[in-house]
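What follows is a single structure, written as structure tokens, with notes after it.
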Amino acid sequence: MIEKTLTLPATFPLTSLFGLCDRYQRRMSDTLGVRIWSRGNEVFVAGQNHAVETAVELLGIMKEKVLNRGKISDDDVQCLLSQLSEDEIADPVGQIEPFEVMNGRRLRPRTAGQARYVKAILEKEVVFGIGPAGTGKTYLAVAAAVAAMKAGKVKRLVLVRPAVEAGENLGFLPGDLKAKIDPYLRPIFDALRDMMDPLLLKRMTEDEVIEMSPLAYMRGRTLNDAFIILDEAQNTTIAQMKMFLTRMGNNSHVIISGDVTQMDLPRNTPSGLVDAIERLKGIPNIAVVEMGESDVVRHDLVQKIIRAYEES
């Protein structure tokens, strides 16, 4: 293990080098398996010798791009990382043991980004999973929760979603509470149904061992011995995100997943997800894992659709 330092000009804009919410910093750390942090105008890199040398070299290239152009883009960072040879990249997929879910299926991550996500879930108490549709954010979180329940690590599973869809809210939908919240929680329920026997899922839901709830109904609760998943978190306000995060009790694990490119909040309403990532960075036992187009595991066309929208 070694540590190296890159010194920046005194007025250098560090956010340009690290990216919004430190996204470039995290991407480099995850890809190379190094730790990157800053103090004043100095950037520190620690890790294995070759990985640190590579990271410092890439940071130097990124620094020059910022000095010459005033900024760097996602494409610049992705291009630099894609030029690394395979033996320089930390590939944790094979290091993750498959999840054994209740119907006998064994699930494991299929991409490096998914492996980083699962590793964080296994090691941290609060995990933010950020990425586009099809990267498995919700599915892997539910799989980890089901596996934790089966192993007796937690006693219940609480699945939460904000009710922000197509300009409607819970009050406009017909039926009782269950009928009102079903459309919002259907994607999570579909993942559960994939992993569990339908009769067992029905019984556990009726007994409230598995609970599906809109975010609005979480206020005032404290959840102990629980695995708590907040899906579509980009549609939370700052106040809602704070309220949700403070529901966490003893022996609880929290996963917050979302796609910051698909927000349905009213215009000029800041996202609680984006705010939380920036506000909570650096706190021990909280991890932020960012996945991208290369981690999409749905139909091949999904990657092309995401790329087309990003390029427009």
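The values are calculated or read from the model by the stated rules, or taken from the named source; none is laboratory data. What you see is a predicted model, and the numbers here were worked out from it, not measured in a lab. FYI the Cβ positions are ideal-geometry reconstructions off the backbone, even for glycines, and counts take in every protein chain you see. The protein model used for the area step is the full one, side chains on, heavy atoms only, and it has no ligands, DNA or RNA in it. Shrake-Rupley method; radii C 1.70, N 1.55, O 1.52, S 1.80 Å.
In this structure the amide hydrogen of Phe128, modeled in the peptide plane, comes within under 5 Å of the amide hydrogens of Ile256, Ala287, Val288, Val289, none closer than 5 places in sequence on its chain.
Here's how it looks for Glu211: its modeled amide H is under 5 Å from those of Leu157, Val158, Leu159, which are all 5 or more places away or on a different chain. Per-atom-type breakdown for the stretch 213-276 gives carbon and sulfur 47% of the accessible area (1.4 Å probe, protein chains only). Per-residue 3J(HN,Hα) values for the stretch 153-158, derived from phi via the Karplus relation 6.51 cos²θ - 1.76 cosθ + 1.60 with θ = phi - 60°, read 6, 9, 9, 8, 10, 10 Hz in sequence order (x marks Gly and Pro).
Would you please classify the overall shape of the stretch 9-72 from the alpha carbon gyration tensor, given that a ≥ b ≥ c denote the square roots of the eigenvalues, rounded means a/c under 1.5, and beyond that prolate means a/b larger than b/c while oblate covers the rest?
prolate
Per-residue Karplus couplings for the stretch 132-149, computed as 6.51 cos²θ - 1.76 cosθ + 1.60 with θ equal to phi - 60°, are listed in order as x, 4, x, 8, x, 4, 6, 4, 5, 5, 5, 4, 5, 5, 4, 5, 5, 5 Hz, Gly and Pro entered as x. Under 5 Å between amide hydrogens, built in the peptide plane, is the criterion, and for Ser38 it picks out Phe44 among residues at least 5 positions away or on other chains. Note that the stretch 247-263 has calculated 3J(HN,Hα) couplings of 7, 5, x, 5, 6, 10, 10, 10, 10, 10, 10, x, 10, 6, 8, 10, 8 Hz, one per residue in order, obtained from phi through the Karplus relation 6.51 cos²θ - 1.76 cosθ + 1.60 (θ = phi - 60°); glycine and proline are x. Cα-Cα over 23 Å: which of Lys150/Lys281; Lys4/Lys63; Lys63/Lys124; Lys137/Lys242; Lys65/Lys124; Lys119/Lys153? As for pairs spanning more than 23 Å Cα to Cα, those are Lys150/Lys281; Lys63/Lys124; Lys65/Lys124. Model label points for Leu14 and Arg221, set 7 angstrom from Cα along the Cα-to-Cβ axis, are 3.8 nm apart.
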